[in-house]
Amino acid sequence: MAQFKDLDPVLHSQLRLAIVSLLVGVETAEFTFLKEQTGATSGNLSIQITKLKEAGYIEVTKKFRNNYPLTLCRITPLGKQRFSEYVKALKDYLNPDQK
Amino acid sequence: MENEEKHLTGEESLRIITDMISKTKVNISQGSFHLLFWGWLIFACSLGEYLLWKLTDFASPWYVWLLTIPGVFVSLIYGFVKGRKELVYTYATSIYIWTWMAFLFAAIVLFIVVWGNFQFIGPLILTLAAMASFISGIIIKFRPLIIGAITFWIFALVAHFTGPSVSPLAVPAAMLTGYLIPGYILKYRKDHGTI
């Protein structure tokens, strides 16, 4: 049976898990989309995006559109793999009998 | 989501994952514009060609189809301008767009191949358009578009097997069932935007 300690600490955080769960279903998402969907503040979201980027789970691209900065986030293959492992570990934790 | 280091239970993790994934739906906010624009344009071209053929001595009634060339640019520019404003780009949106781009490329090749024999093009274009509509309907889980695609295939057969006095009307009839009716349903549905 998986324990909480087995769950990836990078993903086992409310906001970081929400960000990765959003990115896993899309090609790219803008910072403003992530902010709207998670309900997080810009500052907190920036901090968590940086942590995910440093862990290699997401890529961040900065562009300009009509002179306004645009931050695009995309999940990496490593991020997809870690998310998949996290979901599997979570299933094992929640349904230990079905393992 | 302020207290990001708060201890998460397994159930909370699962709920976050489920909630967030449900928010990345297919964006179809442009869908009704393209269906209605092409529905009316092809309806007008096909009916115009039929009326010119029936009621006038005009030698080349197929000239009305040249209106589709600026139509392609209108559609591409509208899609590009609206697409730039999207905050998120899903895989399904990408497949939806490229299905219609593939239809455009196939239609251009078809026009070149059948050049000079335009009496055959109606059923062929309808068959191709049906495939793109069918796939789009499946992607956005929108049954009227799937049914509309099936009617395209039926009208393609009708156009092929009926005589020249009836077959030109198959295309405008197909536009009603395949593009215009699904387009208006999509436009006026309450959750227009995402599915």
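The values are calculated or read from the model by the stated rules, or taken from the named source; none is laboratory data. Just so we're clear, the structure is a prediction, and the values are computed from it rather than from any experiment. Neighbour counts run over all protein chains shown; Cβ positions are idealised from the backbone, glycine included.
Working carefully through the options A:Pro96, A:Pro77, find the one that is within 14 Å of another protein chain (Cβ to nearest Cβ) and over 12 Å from the mean Cα position of the chain (by Cα). It would help to see each step written out before you state the result.
On the way: A:Pro77 fails: within 14 Å of another protein chain (Cβ to nearest Cβ).
Every option except A:Pro96 fails the conditions.
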Check your understanding: Going through the stretch A:58-71 one residue at a time, which ones are without any contact (Cβ under 8 Å) to a residue 40 or more places away in the chain, in a strand (DSSP E or B) and over 17 Å from A:Arg16 (Cα atoms)?
Key -> A:Thr61, A:Lys62, A:Lys63, A:Phe64, A:Arg65, A:Tyr68, A:Pro69
Point to revise | Filtered residue count, the stretch A:4-18, keeping only those that are more than 8 Å from chain B (Cβ to nearest Cβ), surrounded by fewer than 21 Cβ atoms within 10 Å (Cβ to Cβ), in contact with a helix residue (DSSP H, G or I) (Cβ under 8 Å, 6 or more places away or on another chain) and at pLDDT 80 or above | key: 2
Check your understanding: Quick one: how many residues across the stretch A:58-73 are within 12 Å of chain B (Cβ to nearest Cβ), over 19 Å from A:Ser13 (Cα atoms) and either of a type in the set (D, E, K, R) or surrounded by 10 or more Cβ atoms within 10 Å (Cβ to Cβ) (or both)?
Key -> 5
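Looking for something more than 27 Å from B:Thr151 (Cβ to Cβ), of a type outside the set (Val, Ile, Thr) and either surrounded by 14 or more Cβ atoms within 10 Å (Cβ to Cβ) or within 14 Å of another protein chain (Cβ to nearest Cβ) (or both) - is there at least one such residue anywhere in the stretch B:113-121?
no
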Point to revise | Odd one out for B:Tyr89, checked against (1) in a helix (DSSP H, G or I); (2) out of contact with any Gly (no Cβ under 6 Å at 6 or more places or on another chain) | key: (1)
Study note, to complete from the structure: Inside the stretch B:159-172, the number of residues satisfying the requirement of being buried (at least 18 other Cβ atoms within 10 Å of the Cβ) and without any contact (Cβ under 8 Å) to a residue 40 or more places away in the chain is 1
Review point. Which ones in the stretch A:41-57 are over 19 Å from B:Ser13 (Cα atoms), more than 10 Å from chain B (Cβ to nearest Cβ) and β-branched (Val, Ile, Thr)?
Key: A:Thr50
Revision key, fill the gap. Within the stretch A:41-57, of all residues that are part of a loop (DSSP other than H, G, I, E, B) and touching a residue at least 24 places away in the same chain (Cβ under 8 Å), the one surrounded by the fewest Cβ atoms within 10 Å (Cβ to Cβ) is A:Ala55
Review point. Of the residues that sit in the stretch A:74-99 and are surrounded by fewer than 16 Cβ atoms within 10 Å (Cβ to Cβ) and of a type in the set (Lys, Arg), which one is farthest from A:His12 (Cα to Cα)?
Key: A:Lys99
Revision key, fill the gap. Exception for B:Ala92 within (1) in contact (Cβ under 8 Å) with a residue 40 or more places away in the chain; (2) of a type in the set (A, V, I, L, M); (3) over 30 Å from A:Ser21 (Cα atoms) falls at (3)
Review point. Name the pairs: first residue in the stretch B:136-152 and charged (D, E, K, R), second residue not in a helix (DSSP H, G or I), Cβ to Cβ under 6 Å, at least 6 apart or on different chains?
Key: B:Lys141/B:Ile195
Exercise for review: Please go through the stretch B:9-52 and pick out each residue that is closer than 23 Å to A:Ser46 by Cα, surrounded by 20 or more Cβ atoms within 10 Å (Cβ to Cβ) and either more than 7 Å from chain A (Cβ to nearest Cβ) or at pLDDT below 85 (or both).
Suggested key: B:Thr24
Practice item. Would you check which residues across the stretch B:117-176 are part of a helix (DSSP H, G or I) and aromatic (Phe, Trp, Tyr) and list them? Key: B:Phe118, B:Phe120, B:Phe134, B:Phe152, B:Trp153, B:Phe155, B:Phe161
Check your understanding: Which of the residues belonging to the stretch A:29-40 are at negative phi, within 7 Å of chain B (Cβ to nearest Cβ) and without any contact (Cβ under 8 Å) to a residue 24 or more places away in the chain?
Key -> A:Thr32, A:Phe33, A:Gln37, A:Thr38
